[in-house]
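See structure below.
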Amino acid sequence: MTWSDPEKLKRVKDFGISGIAFCVARESGSGKLFFGNSDFKVYEVDALAEKPEPAAFEAEGHQSYVTGIVQNQTQLVSGSYDGNLIWWDSESKKPTRTVKAHERWIRNVTASPDGSIVASVADDMVGKLWDAKSGETMHTLKDHKEETPDHYPSMLYAGAFSPDGKWLATADKVGHIAVWEVASGKKAAELESPGMYTWDPRARRHSIGGIRSVAFSHDSKLLAAGGIGKIGNIDHLGGPSRVEIFDWQKGESLHVIEDNELKGLVEQIEFDPSGNWLLAAGGDHGGFVSFYSVETGKLIKQDKAPMHVHQLAMNDDSTGFFAVGHGKIAHYEFKSDHPPGPAEPPLPEDAA
Amino acid sequence: MFRACLTVATTFLCAQVSLYATDLLPADQPMESVIDHYVDDLIKTNDVQTASQIDEHILIRRLTLDLAGRIPTTAELHAFVSADPATRRAKLVDKLLASPDFIDHHRNELQVLLEYPDRRNDKDFRNYLLWATEQNRPWNTMFRDMLAGDENDEYQKAALQFVRHRAKSLDDLTNDTAVLFFGVNVSCAKCHDHPLVEDWKQDHYYGMQSFFSRTFLTKKQSLGEKFYGDVKFTTTSGVEKQAQFMFLNGSVVKDDTPELDDDSRKKYDALVKKLQQDDKIEVSYPEFRPRERLVETASHKDNDAFLARNIVNRIWHRMTGRGIVDPPDQLHSENSPSHPELLDWLARDTVENGYDLKRLIRGIALSRIYSRSSEWNSAAAPPSPHYFAVAIPRPLSPRQYAMSLLVATRNPPHWEQWLTKPAEDWKKERTNLENATNNWDDAFEIPGENFQVAVDEALFFSNNNRIDNDLLRDSGDRLVGHLKKLDDPEAALSAAFEAVNSRQPTDDERKAIIEYLESRREDSPAAIKQVVWALLTGPELRFNH
Amino acid sequence: MAQPGSIFCGSADHGLSRRGFLGAAGAATAGTFAADMTRLDGLKNPLLAGQVKRQQKSVILLWLAGGASQFETWDPKPGQSTGGPYSKIKTSANDVHISELLPKMAQRMNHTAIIRSINSKIGDHGGGASLMETGRVKDPGLIYPDIGAIAARELGRADSQVPDYVSMYTSTEGRRKGTSGFLGARYAPMFLSDKQIPDNMRRLEAISDVDHKDRAALRDLLSKRFTKARHSEKINSHTTAYSRVHGLMSSEKLFDIEQEPESVRAKYGPRQFAQQCLIARRLVEAGTPFVKVARAWWDSHGQNFETHRELCADLDHAMSTLLDDLEERGLLENTLVVTLGEFGRTPKINASLGRDHFANAWSCSLSGCGVRGGSFYGKTEPEGNTVADGEVGAAEVFATILEALGIDHEKEYMIGSRPIPLSDFGAKPIKEVLA
């Protein structure tokens, strides 16, 4: 029996890939990864092999960066800046269906816990729910504004299902979050995290930021959004990596975590099944993986990742993960052979 | 790349500029009479007509602008006009040269010259120049301070801002030194031998550059010099050459340091790198210091013609609006001085009298050519400016103009007290005025060869509220306030003209303006303001004429 | 009755008196002033503008400060490892494809020529900007005029009553005013940094129009006496500067886009860059030979694709609206619209998904006056790392701009004893993109 213990975080291995991996899906019970790349291709790799050798799906596929990928048994669904969703047979590595899903660049593809529904978000500022089997559109989710308050095109970066499968959250560049009821396609809640968006009206006159990741806690009650905080020089990612945790049904912000130690965009968030911690990964020129306490918002443990992390895939028992990103894939573990012991006596208030 | 490259590079170099002409007038003849002798000689030879001498009003104005950096106050004007005509000019010149005004003004002029082409207004450098000017520090010593001063000395350290500001650009350091201290623009010779000037070869450009190529800025902003390193360049015929430490007249300095082996080079490279990155280590210097050697060579009696002629020519240019060599950075054999003997006499005099710039300024200020009118009333075309037969109107420098605006717009009786008060008090007042100009001088262009008044200046005077709220304020301490209190428009007009233009209005001006004031009697404060505005923005104040 | 020799009528009636006063002393100024106003009024109507179509040529320089990416604008490389996520699109000019981030410009490429083979070598902001603005490497001891000052000098009138070089640079990053160098302050830009209207253009409330005119007339009177017997270009420049004040003040309205019909303003939209382009159009229409509109800051070291998504949308909209507007008014054939910056951006995409400074193979565009629309010149190799064909430097771009305007690029200014040609020694214009 192993338990997860963020304190034990260690990088087991990392290896180089060509180009930039933006998204990853892991085949259950294995180290087999499928990832979408900046060379417009989908790859398969066994990350646990001694010498991992990524192999591209050679069949005609996407025409731009592959930014989202999900797997359900032998079926893969990938999305790209070309606006298409492609259904692949993961064994034959051939496309089985191509759908013109969005008018503009698809930023994220995610699947419901049971794999029956696929959600895509794109810069046409709509989210779409798809029947994973038939490829039919179930709902088109319209709420995010097409323009920023400063009249520039906005972007819709992030989407995530709740573990109970009832809800989908979508989040955009200016820090607006919508929570949708999956069954009806109706908007159930709205949240704002304006600190994720930096508009520089004076020095550089453009913007940076956006919510790049969202995640529900395992009881589906909390919602975390990740991105970057206010940046002085918006031409670099030199701002605090930022996570905001909401009790989304109450519309209440519980924590804003801004980390100036390892800076940059939070590209993905994962909650601990037991509800103790969350994992945020991302980067600037470098990368990071950071564990925070859900209860206090305090940092538990972090590592300077060997690359900017774009996405990660947890292993089956949440004691390790595979992170993909700029030119590299890294394997991390944080397991312990005993449950995380009784915490040391808490520090007196003022010592913190 | 380049169009016609005239000559093939040769290694034969000769000193094109001989030291000094022989047969000069005696060294002990008064400078002003030497100046007049040589200038009038050329005028007579060419049968050139000259402008008349200026009257006492324009004279005190011109002298005060040139020696004190501002127009005279009404009190000074009155005192001068009523003084003994036989002696008042010399007395005024000596008084102004001894005044704190001169120190500030001379400093300002040197600063503008030496910071060219930028406009840094560097505080440390300004302080150095003030200190140097206060004690009339010899120009050759200042040259040493600025190029190879001692960083442990507070003032010399500030003087080195000259190098420090240019340390990141070897080309700027090379060219600005050549232009500002030797009157020579060798930048053309960087890429090829100068197409029009025989004197300047690539060897000269890179020779001059060699003296600076080892200079670097440490992390602490000190000036270090590397332990080895030569300048290499490619001639237009594609041959790679190693430059020598060569001065403009071909004099070569040898680096007598024994050849370094690879290990020592590595060691020194590491040291330099450390100095550039770490602000805690002390600078250590090599034995052979090229900038010092440049200073030594250029100041040596066999080579000092460049240094001396340049500063003479620069001061002459400042006082007359044109160089004996013109433009002043084109001192070479293809651009002959208009008065070669005069230039040489003045250069010799300057060297022999310890590079005393005050002495030079005094001599020019007392000459007859200095007090020629800038008006040319003859139907014939005016003579070429190189005769110095008619004075050249000179735009005021930003600080001269700012200072003059401040002086002109004070309540005129305010200035009377300074005729009798102790000099120390005036010094304080002058410093205050000088500081006040800091807020104004950005509004104006620095006069240069291609000077034009920018329309921004005209718009600034027309519509900026500082003009109305400050210069034209009608409180009691201001000119407008003073004029408002005078019941008699005639008296107001006289006072306004004297305060701004150092003279009484002409009959025509008087008539026209009184008429205007009469027509606006119901709102005479506003009318007075418009008259003062017209005076302040007129060319008569804007130029030293 | 006015007395002989008097410049005032002498009447007790102040109004009359002032008219007489101005009638004599201020006639020249007032005359020019009136003429310009008529013209401005006439030009409000696009049809009329067409009828009084100028021969005078103008430039609007859209300065992409910070360095825009050639990949995301004029030289897309989709599918290459360096190409980024965006695709290329067809344009109204056969054979010319540009980035999908410029869809509106794609429909207007018949007016535009692209130069894709600039190797300007200098990759720092200050050095690159100075190089591209002046068409040559900085020379110690000599301050070169930039393209704006040269255009003002070569295309403008010395006594112009409208500004002849306007430079807008609102952002603070990398702000550069521009310089007239050795051409002197007469050709220095009127600079707008934080407001849409230049400083000191507007009459102060505290000073009445009458006072303004009176004092100008008084100044004229005093100045005439002084300048009569003094022959000096420098003094003349003083007179000229003041004689332009009234005209310039009357051109204040050129900077006010509220003067435009709502329909026109709506086309330009709410963003500042486009609004400044509208001001540029108004200025050009009134006779201003050179307007620079700087759009900062393209320096996308991080998040290049997000930055270009925003800034290209801005450029695409502003530039295409401007070209349409100029064309509709019959001004495009005499107005050259240029996009240029200090350099392009690296083929390599860094870990922050940014592109860094890159001067070895990048692009610019020329539209309108003197340009062979729908053409392109030069090629970069497939990944965009180097120029493959038709390499040009800043000097050639500079010479091409001058030739497009009908200015002899080899004309020389004499500075001291040095002849300085308008474009750098030996530079040849790129004939292939010229009409």
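The values are calculated or read from the model by the stated rules, or taken from the named source; none is laboratory data. Everything numeric here is computed off the predicted structure, so don't read it as measured data. FYI the Cβ positions are ideal-geometry reconstructions off the backbone, even for glycines, and counts take in every protein chain you see. Heavy atoms of the whole protein, side chains included, go into the accessibility calculation; ligands, DNA and RNA do not. Shrake-Rupley method; radii C 1.70, N 1.55, O 1.52, S 1.80 Å.
Points to keep in mind about this one:
- Verdict on residue C:431 being open to solvent by 10 Å² or more (accessible area, probe 1.4 Å), among the charged types (D, E, K, R), modelled with pLDDT of 95 or more and under 23 Å from the mean Cα position of the chain (by Cα): yes
- Filter result (of a type in the set (Gly, Ala, Ser), closer than 30 Å to residue B:186 by Cβ and buried (at least 17 other Cβ atoms within 10 Å of the Cβ)) within the stretch C:104-140: C:120, C:123, C:127, C:128, C:129, C:130, C:135
- Residue that is farthest from the other protein chains (Cβ to nearest Cβ) [pool: residues in the stretch B:143-168 that are part of a loop (DSSP other than H, G, I, E, B) and under 20 Å from residue B:112 (Cβ atoms)]: B:160
This table checks each residue for (1) in contact (Cβ under 8 Å) with a residue 40 or more places away in the chain; (2) open to solvent by less than 10 Å² (accessible area, probe 1.4 Å); (3) within 17 Å of residue A:265 (Cβ to Cβ).
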{"site": "A:161", "(1), (2), (3)": "yes, no, no"}
{"site": "A:174", "(1), (2), (3)": "no, no, yes"}
{"site": "A:181", "(1), (2), (3)": "no, no, no"}
{"site": "A:190", "(1), (2), (3)": "yes, no, no"}
{"site": "A:207", "(1), (2), (3)": "yes, yes, yes"}
{"site": "A:211", "(1), (2), (3)": "yes, yes, yes"}
{"site": "A:220", "(1), (2), (3)": "yes, yes, no"}
{"site": "A:230", "(1), (2), (3)": "no, no, yes"}
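- When residues of the stretch B:44-90 are limited to those that are part of a helix (DSSP H, G or I), among the β-branched types (Val, Ile, Thr) and closer than 29 Å to residue B:437 by Cβ, the one farthest from the chain's Cα centre (by Cα): B:81
- Every pair of residues 6+ apart whose Cβ atoms lie under 7 Å, when the first sits in the stretch B:377-394 and is within 11 Å of chain C (Cβ to nearest Cβ) and open to solvent by 40 Å² or more (accessible area, probe 1.4 Å) while the second is among the small types (Gly, Ala, Ser) and in a loop (DSSP other than H, G, I, E, B): B:377/C:229; B:392/B:321; B:392/B:374
- Assessment of the stretch B:332-354 against the conditions (open to solvent by 10 Å² or more (accessible area, probe 1.4 Å), within 14 Å of chain C (Cβ to nearest Cβ), over 15 Å from residue B:50 (Cα atoms) and touching a strand residue (DSSP E or B) at 6+ places or on another chain (Cβ under 9 Å)) yields at least one matching residue.
- Options B:352, B:282; residue that is touching a residue at least 24 places away in the same chain (Cβ under 8 Å) and not small (Gly, Ala, Ser): B:352
- Scope the stretch B:167-178; condition open to solvent by 10 Å² or more (accessible area, probe 1.4 Å) and either touching a Ser or Thr at 6+ places or on another chain (Cβ under 8 Å) or polar (S, T, N, Q) (or both); matching residues: B:167, B:169, B:170, B:171
- Qualifying helices (runs of 4 or more DSSP H) (wholly inside the stretch C:223-303; at least 3 residues being hydroxyl-bearing (Ser, Thr, Tyr) and within 13 Å of another protein chain (Cβ to nearest Cβ)): C:233-243
- Failed item in (1) away from chain C (no Cβ under 14 Å); (2) surrounded by 14 or more Cβ atoms within 10 Å (Cβ to Cβ), with residue A:114 passing the rest: (2)
- Among the residues here, residue C:224 does not qualify as touching a Phe, Trp or Tyr at 6+ places or on another chain (Cβ under 9 Å) and either open to solvent by 50 Å² or more (accessible area, probe 1.4 Å) or in contact (Cβ under 8 Å) with a residue 40 or more places away in the chain (or both).
- Odd one out for residue C:423 among (1) of a type in the set (S, T, N, Q); (2) within 14 Å of another protein chain (Cβ to nearest Cβ); (3) not in a loop (DSSP other than H, G, I, E, B): (3)
- If you go through the stretch C:133-148 and keep only what is among the charged types (D, E, K, R) and modelled with pLDDT of 90 or more, you end up with C:133, C:136, C:146.
- Filtering B:145, B:101, B:124, B:118 for residues that are touching a residue at least 24 places away in the same chain (Cβ under 8 Å), open to solvent by less than 10 Å² (accessible area, probe 1.4 Å) and among the acidic types (Asp, Glu) leaves a single hit, B:101.
- Complete set of residues in the stretch B:203-229 that are assigned to a helix (DSSP H, G or I) and open to solvent by less than 10 Å² (accessible area, probe 1.4 Å): B:204, B:205, B:207, B:208, B:210, B:211, B:212
- When the criteria are applied in full, residue C:96 fails the requirement of being within 14 Å of chain B (Cβ to nearest Cβ) and touching a residue at least 40 places away in the same chain (Cβ under 8 Å).
- All conditions in (1) open to solvent by 10 Å² or more (accessible area, probe 1.4 Å); (2) touching a residue at least 24 places away in the same chain (Cβ under 8 Å); (3) more than 7 Å from chain B (Cβ to nearest Cβ) hold for residue C:203, with the sole exception of (3).
- Some residue of the stretch B:435-455 being at pLDDT 90 or above, within 22 Å of residue C:189 (Cβ to Cβ) and of a type in the set (Asp, Glu): no
- Residue selected from the stretch A:65-83 under the condition farther than 18 Å from residue A:17 by Cβ and among the small types (Gly, Ala, Ser), by the criterion surrounded by the most Cβ atoms within 10 Å (Cβ to Cβ): A:79
- For residue B:133: the one exception among (1) under 14 Å from the mean Cα position of the chain (by Cα); (2) over 25 Å from residue B:61 (Cβ atoms): (2)
- Qualifying residue in the stretch C:168-181 (condition: at the interface with chain B (Cβ under 10 Å from one of its Cβ atoms) and either touching a helix residue (DSSP H, G or I) at 6+ places or on another chain (Cβ under 6 Å) or open to solvent by less than 40 Å² (accessible area, probe 1.4 Å) (or both)): yes
- When the stretch C:378-397 is filtered for residues that are hydrophobic (A, V, I, L, M, F, W, C) and within 16 Å of residue C:340 (Cα to Cα), the ones remaining, listed by number, are C:392, C:394, C:395, C:397.
- Top-ranked residue of the stretch A:137-149 - restricted to ones that are out of contact with any helix residue (DSSP H, G or I) (no Cβ under 9 Å at 6 or more places or on another chain) and within 14 Å of chain C (Cβ to nearest Cβ), ranked as nearest to residue A:110 (Cα to Cα): A:146
- Residue within the stretch A:57-65 that is assigned to a strand (DSSP E or B) and not hydroxyl-bearing (Ser, Thr, Tyr) present: no
- Within the stretch B:449-466, the set of residues being over 28 Å from the mean Cα position of the chain (by Cα) and either open to solvent by less than 10 Å² (accessible area, probe 1.4 Å) or charged (D, E, K, R) (or both) comprises B:462, B:463, B:466.
- Taken together, B:312, B:272, B:295 contain a single residue that is open to solvent by less than 30 Å² (accessible area, probe 1.4 Å), part of a helix (DSSP H, G or I) and modelled with pLDDT under 95, which is B:272.
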